[in-house]
1. Could you grab me the full set of residues in segment 27-54 that are buried (at least 17 other Cβ atoms within 10 Å of the Cβ) and charged (D, E, K, R)?
2. Which residues, counting only those in segment 76-88, are within 18 Å of Asn37 (Cβ to Cβ) and either in contact with a His (Cβ under 6 Å, 6 or more places away or on another chain) or not aromatic (Phe, Trp, Tyr) (or both)?
3. Need a quick list: helices (runs of 4 or more DSSP H) entirely within segment 1-95 having at least 3 residues that are touching a helix residue (DSSP H, G or I) at 6+ places or on another chain (Cβ under 7 Å).
4. Considering only segment 49-67, I want to know if a residue exists there that is in contact with a Lys or Arg (Cβ under 9 Å, 6 or more places away or on another chain) and acidic (Asp, Glu).
5. Just checking, does segment 10-24 include any residue being under 17 Å from Leu100 (Cα atoms) and hydroxyl-bearing (Ser, Thr, Tyr)?
6. Taking the options Val56, Val78, name whichever one is over 15 Å from Gln24 (Cα atoms) and not aromatic (Phe, Trp, Tyr).
7. Could you tell me which residue of segment 55-104 is surrounded by the most Cβ atoms within 10 Å (Cβ to Cβ), considering only residues that are more than 14 Å from the chain's Cα centre (by Cα) and of a type in the set (A, V, I, L, M)?
Amino acid sequence: MTLRAVIDGQSVVLWHWLEKNQIQNAAEVEAIFVALNQLVAERDDSLMVGHSYFMVESACAEKRFSPELLNFLWKYYVLPLVSEYEYQLKPPEVEQKYGLPAIRSRIANVRAAGA
């Protein structure tokens, strides 16, 4: 059995960690994590981004993910990882598809479609 990062639109492990650590913007972080993994799964569902990239001590200390922390995670962890998955894309194309603004836009579009 493999541990999947997202099942049925919800994080499997991350949400429990966010709640346990009383992260104030847990819903936002989970939505970003889920949207990212849903996009990655469109390419190959065996390549999802793991929850451990988001389980960082600084978020626990601050009880939130600051914009700076999310940008750091994206720049140094998420984008390099998905660049390996999408090796045929140039860096600007990876940023356009998987950048944090693109993921946030994807979340907004899904919410607007469901409203």
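1. Answer for segment 27-54, where residues must be buried (at least 17 other Cβ atoms within 10 Å of the Cβ) and charged (D, E, K, R): just Glu30.
2. Val78, Leu79, Pro80, Leu81, Val82, Ser83, Glu84, Glu86
3. Details: elements: 14-20, 26-43, 57-62, 67-73, 79-85.
In segment 1-95, 14-20, 26-43, 67-73, 79-85 are the helices (runs of 4 or more DSSP H) which contain 3 or more residues that are touching a helix residue (DSSP H, G or I) at 6+ places or on another chain (Cβ under 7 Å).
4. The first filter runs over segment 49-67 and keeps only residues in contact with a Lys or Arg (Cβ under 9 Å, 6 or more places away or on another chain), leaving none.
Checked segment 49-67: no residue is in contact with a Lys or Arg (Cβ under 9 Å, 6 or more places away or on another chain) and acidic (Asp, Glu).
5. Taking segment 10-24 as the starting set, the residues that turn out to be under 17 Å from Leu100 (Cα atoms) are none.
No; the residues of segment 10-24 include none that is under 17 Å from Leu100 (Cα atoms) and hydroxyl-bearing (Ser, Thr, Tyr).
6. Numbers: Val56 fails: over 15 Å from Gln24 (Cα atoms).
After applying the criteria, what remains is Val78.
7. Taking the candidates together, the pick is Ala59.
Bear in mind these aren't lab numbers, they're just calculated from the coordinates by the rules spelled out. On a predicted model such as this, the values are computed, not experimentally measured, just so you know. So basically every Cβ, Gly included, is an ideal-geometry build from the backbone, and we count neighbours across all protein chains shown.
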